[in-house]
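Asks: Sharing a structure with you now.
Computed from the coordinates by the stated procedures, all read-outs in this text should not be read as laboratory data. As the structure is a prediction and not an experimental result, all values here were calculated from the model. Virtual Cβ from ideal backbone geometry, glycine too; neighbours counted across all protein chains shown.
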Amino acid sequence: TFQELYNRSYEPGTNQFSRRLKAFQESLKRHSHLNSFSYDGNGSARYGINQFSDLSPQEFKDKYLRSRSELCPKYGHLEDRSYNVD
Amino acid sequence: LPSRFDWRDKNVVTPVRSQQTCGGCWAFSVVEGIETAYAVKGNPLVKLSVQQVIDCSYRNQGCNGGSTISALYWLNQTHVKLVKESEYPFKAVTGTCHFPPSSFGVSIKGYVAYDFSDREDVMMEKLIEFGPLAVTVDALSWQDYLGGIIQHHCSSQEANHAVLITGFDRTGPVPYWIVRNSWGASWGNEGYVYVKIGENVCGIADTVSAAIV
């Protein structure tokens, strides 16, 4: 169902199928853990199967999480005086 | 401050995009912020070229990664005019920087960049004053996100993803930021994710920036 829903075509019996199946099964375990922190009534996040469920966390990080952060000055009341404008 | 505010309600936010397998989230958040800042000034809402920033922002690594602050620094230093997306379309791979002949372009006059951790109240004011805010977050657990308000499972000071805050909502028991992502409209809440306000969840207030158009 996942393959159909997200337009994947992994041939059963191949290495790729095994890898993706393992990543998918790990995702299901992860969802259980993540959802155990959710409480009814306060709008907590829900976690489950989506288009990334056949990726391992490392693969997901390598593909999609490529931003680096930079240190910025802490905001203070006087900061508004120094907009970086010509 | 209003209890709820979202730049989408003013019709100045372009539709959610997909970065596909290109690690150019940093460029998406910056360009999408400029699109809205430009429209807020009374101009038409125009889709600007993310690919132009991916290809040309030399202090970054294109689809291999980059930073919102570096991109804004580059835009501010060079006064490059961002062309329309239709003239410099997204290819999902880093390409050669080029300058299509175009009479239209949007450049920035400056930018602001601050750490608002422990000052998310002020950050809400700045969202209204400047327009959408480009932020970096720890989004590792977002791989599995379906909807609702993120309150756990991520860290501050470990940012790895850039997104754009378009609004906030404080009408319910848990106040939250309304955050635009670049993983397509089928992810999360029609492409958006909600992050709890007030505890610097996922480091959302650590690196906050906005372009001035």
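Asks: Connecting C-alpha atoms closer than 10 Å in a GNM of chain B, tell me which of B:Gln77, B:Gln143, B:Gln19 has the biggest fluctuation.
Replies: B:Gln143
Asks: Within segment A:3-52, which chymotrypsin sites (Phe, Trp or Tyr not before Pro) sit in a loop by DSSP and count at most 11 neighbouring Cβ atoms inside 10 Å?
Replies: Working: sites: A:Tyr6, A:Tyr10, A:Phe17, A:Phe24, A:Phe37, A:Tyr39, A:Tyr47, A:Phe52; in loops: A:Tyr6, A:Tyr10, A:Phe37, A:Tyr39, A:Phe52.
Counting only loop positions with at most 11 other Cβ atoms within 10 Å, the chymotrypsin sites (Phe, Trp or Tyr not before Pro) in segment A:3-52 are A:Tyr39.
Asks: About its Cα centre, how strong a charge dipole does segment B:36-156 have in debye, to the nearest 20, once Lys and Arg get +1 and Asp and Glu get -1 at the Cβ?
Replies: Working: 9 positive and 11 negative charges, 125 e Å.
With only Lys, Arg, Asp and Glu charged at Cβ, the dipole is about 600 debye.
Asks: Considering just Cα atoms, how many Å³ per residue does the convex hull of segment B:141-195 enclose?
Replies: Details: hull volume 4.9 nm³, N = 55.
Per-residue hull volume (Cα only) is 89 Å³.
Asks: Something else now. Enter the Cα centre distance for the pair segment B:18-80 and segment A:20-56, rounded to the nearest angstrom.
Replies: Result: 31 Å between the Cα centres.
Asks: Report the residue, chosen from B:Ile165, B:Ile69, B:Ile34, that carries the largest GNM mean-square fluctuation when chain B is represented by alpha-carbon nodes joined by springs under 10 Å.
Replies: B:Ile69
Asks: Given Cα positions, please report Rg to Rh for the protein assembly as shown, the hydrodynamic radius being the Kirkwood one.
Replies: Details: Rg = 19.0 Å, Rh = 19.6 Å.
Here the Rg-to-Rh quotient is 0.97.
Asks: Once you have a ≥ b ≥ c as the square roots of the Cα gyration tensor eigenvalues for segment B:50-181, tell me rounded if a/c is under 1.5, and otherwise prolate or oblate according to whether a/b is larger than b/c. Show your work: numbers first, answer last.
Replies: Details: a/c = 2.10, a/b = 1.66, b/c = 1.26.
It comes out prolate by the Cα gyration axes.
Asks: What residue among B:Thr171, B:Thr94, B:Thr136 has the largest mean-square fluctuation in a Gaussian network model of chain B, using Cα springs under 10 Å?
Replies: Evaluated over chain B, the most mobile residue of the options is B:Thr171.
Asks: Could you work out the helix-only [θ] at 222 nm for the protein assembly as shown, with each DSSP H run of four or more residues adding -39,500 (n - 2.57) and the total divided by the number of residues, to the nearest 500 deg cm²/dmol? Before the final figure, lay out the partial values.
Replies: Details: 7 runs with 78 residues, N = 299.
Mean residue ellipticity at 222 nm (helix-derived): -8000 deg cm²/dmol.
Asks: Which Cys in the protein assembly as shown stand alone, with every other cysteine's Cβ at 4.7 Å or more from theirs?
Replies: Flagged as lacking a Cys partner: A:Cys72, B:Cys25.
Asks: Additional query: Given Cβ point charges of +1 (Lys, Arg) and -1 (Asp, Glu) and nothing else, what value in debye, to the nearest 20, does the dipole of segment B:75-140 about its Cα centre take? Walk me through the intermediate numbers first.
Replies: Working: 6 positive and 9 negative charges, 108 e Å.
My answer is approximately 520 debye.
Asks: Additional query: Quick query: amide H of B:Gly188 versus all other amide H atoms, modeled in the peptide plane; which residues come in under 5 Å with a sequence gap of 5 or more or a different chain?
Replies: Sorted by chain and number, the residues that satisfy this come to none at all.
Asks: Taking the Cα centre of segment B:132-213 as origin, work out the dipole magnitude from +1 charges on Lys and Arg Cβ and -1 charges on Asp and Glu Cβ, in debye rounded to 20.
Replies: Values: 3 positive and 7 negative charges, 40 e Å.
With Lys and Arg at +1 and Asp and Glu at -1, about 200 debye.
Asks: Just tell me how shielded B:134-143 is by partners: mean number of partner chain Cβ atoms within 10 Å of each residue's Cβ, no decimals.
Replies: The mean count of partner-chain Cβ atoms within 10 Å per residue comes to 5.
Asks: Still on this model: Need one value for A:42-55: mean number of C-beta atoms belonging to other chains within 10 Å of its residues' C-beta atoms.
Replies: Going residue by residue through A:42-55 and averaging, the value is 6.
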